[in-house]
Amino acid sequence: FDEGQDLDDEALGALLPTVSSRDNAQSWYMGSAPGPDSTVWHRRRLAGRSGDVERRAFFEFSADPSANLDDREAWAQANPSRGVPEHGITDEAIEAERQSLSDEMFARERLSISPDIAIAGMVIPLDKWLACQDPNSQFVGAPVVTVDVTPDRSRASIAAAALRADGLPHVEVIQNAPGTEWVIQKLLALSTRPRRILVVGSDPAGSLIAAGQAAGLTIEAVSTADHAKACGLLFDLVAQGGMRHRVDPLLDAALAGAVRRDMGDGAWLWSRKNSLVDISPLVASTIALWAASEAPVNVSFEWV
């Protein structure tokens, strides 16, 4: 399996059994560091690093996760062929990549650095989160729609949440994409009737309020205090198995890389500054879940 970071469970399920009848069969997986959607590759890396799985050899060439991306010693750690005559990669080639790729992509593709989707110290325990997973979950009635934007405005996320037929709140990420110019048009396309849209007013998404209102949308700002309530509610609902979400590697990766910022008296927020990945899918989902649970809205809504 070349480019193993792009391998998904369905492809693996179709391909791996083709060698099951061969004597002493081996499967080789090769690729760069896993990304948010690399579910198979994350499991392979975690198992290999643990050393607990028998009959498996694991080789990893990666820089230290805390390395400076411009440190040439880190380049050497992740690239054993660096400087090898004729067939090795040159510093000039790596420098060109450094200038062209984003920090996240350079770290992943050249230095083999990326956060695990199941790292120790997660704010919300992975086993509790997975226990709330339901591939067939869906809400009924009108959802609350929320938007969040990364601090540098490089990506944005739209999430929606509402109650299911059994009364449990369901949340899902509708879209996560580069930039912010697409957000208003996507919100306009979601429904032909009035609906409730929320953003965290003091954060980058707050700048979308005026643009949305100019386009005829009714957008509400969420205060920092309500943002903290939303984070606490998400934690409690997951701990109690009181919410549902679908299988979503992007949301899983956001949760795994998210760090919280304490506000005092037990209140906390998701910290965009210190988190390891784009957590806008998580922030949008957190606010949507709170709004759907605490203040359900009865308006007509159609997906387009």
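The values are calculated or read from the model by the stated rules, or taken from the named source; none is laboratory data. Not measured: the values here are computed from a predicted model. Note: ideal-geometry Cβ built from the backbone for every residue, glycine included; neighbour counts use all protein chains shown. The area values use the complete protein model at the heavy-atom level, side chains included, leaving out ligands, DNA and RNA. Shrake-Rupley method; radii C 1.70, N 1.55, O 1.52, S 1.80 Å.
Based on this model, can you work out whether Glu220 counts as open to solvent by 60 Å² or more (accessible area, probe 1.4 Å) and touching a residue at least 12 places away in the same chain (Cβ under 8 Å)? For Glu220, the condition - open to solvent by 60 Å² or more (accessible area, probe 1.4 Å) and touching a residue at least 12 places away in the same chain (Cβ under 8 Å) - is met. Among the residues of the stretch 69-92, the ones that are assigned to a helix (DSSP H, G or I) and over 21 Å from Ser114 (Cβ atoms) come to 2 in all. Among the residues of the stretch 1-24, write down those that are open to solvent by less than 70 Å² (accessible area, probe 1.4 Å), under 23 Å from Phe106 (Cβ atoms) and assigned to a loop (DSSP other than H, G, I, E, B). Of everything in the stretch 1-24, just one residue is open to solvent by less than 70 Å² (accessible area, probe 1.4 Å), under 23 Å from Phe106 (Cβ atoms) and assigned to a loop (DSSP other than H, G, I, E, B), namely Leu7.
Here's a check for you: in the stretch 149-167, which residue that is in a loop (DSSP other than H, G, I, E, B) and modelled with pLDDT under 90 is least open to solvent (accessible area, probe 1.4 Å)?
Initially, the stretch 149-167 is screened for residues in a loop (DSSP other than H, G, I, E, B), giving 150-154, 164-167.
Keeping just the survivors that are modelled with pLDDT under 90 gives 150-154.
Numbers: Thr150: 14, Pro151: 86, Asp152: 108, Arg153: 91, Ser154: 57 Å².
The selected residue is Thr150.
Scan the stretch 150-187 residue by residue and report those that are more than 13 Å from the chain's Cα centre (by Cα) and of a type in the set (A, V, I, L, M, F, W, C). If the condition is that a residue be more than 13 Å from the chain's Cα centre (by Cα) and of a type in the set (A, V, I, L, M, F, W, C), then Ala160, Ala161, Ala162, Leu163, Ala165, Leu168, Val171, Trp182, Val183, Ile184, Leu187 are the ones that fit. Restricting attention to the stretch 233-261, the residues that are within 17 Å of the chain's Cα centre (by Cα) and at positive phi add up to 0. What about Ser102, is it hydroxyl-bearing (Ser, Thr, Tyr), under 28 Å from Val40 (Cβ atoms) and modelled with pLDDT of 90 or more? Here the answer is no, as Ser102 does not meet what is asked. The number of residues in the stretch 241-253 being outside any strand (DSSP E or B) and either surrounded by fewer than 13 Cβ atoms within 10 Å (Cβ to Cβ) or touching a Ser or Thr at 6+ places or on another chain (Cβ under 7 Å) (or both) comes to 4.
Quick one: which residue in Ser66, Ser27 is part of a loop (DSSP other than H, G, I, E, B), open to solvent by less than 90 Å² (accessible area, probe 1.4 Å) and not basic (Lys, Arg)?
From the options Ser66, Ser27, the qualifying one is Ser27.
Scanning the stretch 68-103 for residues that are of a type in the set (A, V, I, L, M) and over 14 Å from Ala33 (Cβ atoms) yields Ala76, Val84, Ile89, Ala93, Ile94, Ala96. The set of residues from the stretch 69-82 being open to solvent by less than 60 Å² (accessible area, probe 1.4 Å), under 25 Å from Tyr29 (Cα atoms) and not hydroxyl-bearing (Ser, Thr, Tyr) comprises Ala74, Trp75, Ala76, Ala78, Asn79. Taking the listed residues Ala33, Ala57, Ala47, the one that is assigned to a loop (DSSP other than H, G, I, E, B), within 21 Å of Ala253 (Cα to Cα) and open to solvent by less than 90 Å² (accessible area, probe 1.4 Å) is Ala33, with no other qualifying. Of the residues making up the stretch 227-240, those that are open to solvent by less than 30 Å² (accessible area, probe 1.4 Å) and either within 30 Å of Asp9 (Cα to Cα) or outside any helix (DSSP H, G or I) (or both) number 3.
Annotation: Leu198 fulfils all but one of (1) of a type in the set (A, V, I, L, M); (2) assigned to a strand (DSSP E or B); (3) modelled with pLDDT under 85; the unmet one is (3).
Entry remark, the stretch 254-282: residues being in contact with a Leu (Cβ under 9 Å, 6 or more places away or on another chain) and surrounded by 15 or more Cβ atoms within 10 Å (Cβ to Cβ) number 14 in total.
Filter the stretch 121-148 down to residues that are aliphatic (A, V, I, L, M), within 15 Å of the chain's Cα centre (by Cα) and closer than 16 Å to Leu255 by Cα and give me whichever is least open to solvent (accessible area, probe 1.4 Å). Show your work before the answer.
Looking only at the stretch 121-148, we keep the residues that are aliphatic (A, V, I, L, M), and these are 122-124, 126, 130-131, 140, 142, 144-145, 147.
Next cut, within 15 Å of the chain's Cα centre (by Cα) only: 122-124, 126, 130, 147.
Among the residues that remain, those that are also closer than 16 Å to Leu255 by Cα are: 122-124, 126, 130.
On the way: Met122: 28, Val123: 28, Ile124: 2, Leu126: 54, Leu130: 81 Å².
By that ranking, first place goes to Ile124.
Of all the numbered requirements in (1) surrounded by 15 or more Cβ atoms within 10 Å (Cβ to Cβ); (2) modelled with pLDDT of 90 or more; (3) touching a strand residue (DSSP E or B) at 6+ places or on another chain (Cβ under 9 Å), Ile184 misses one, and that requirement is (3).
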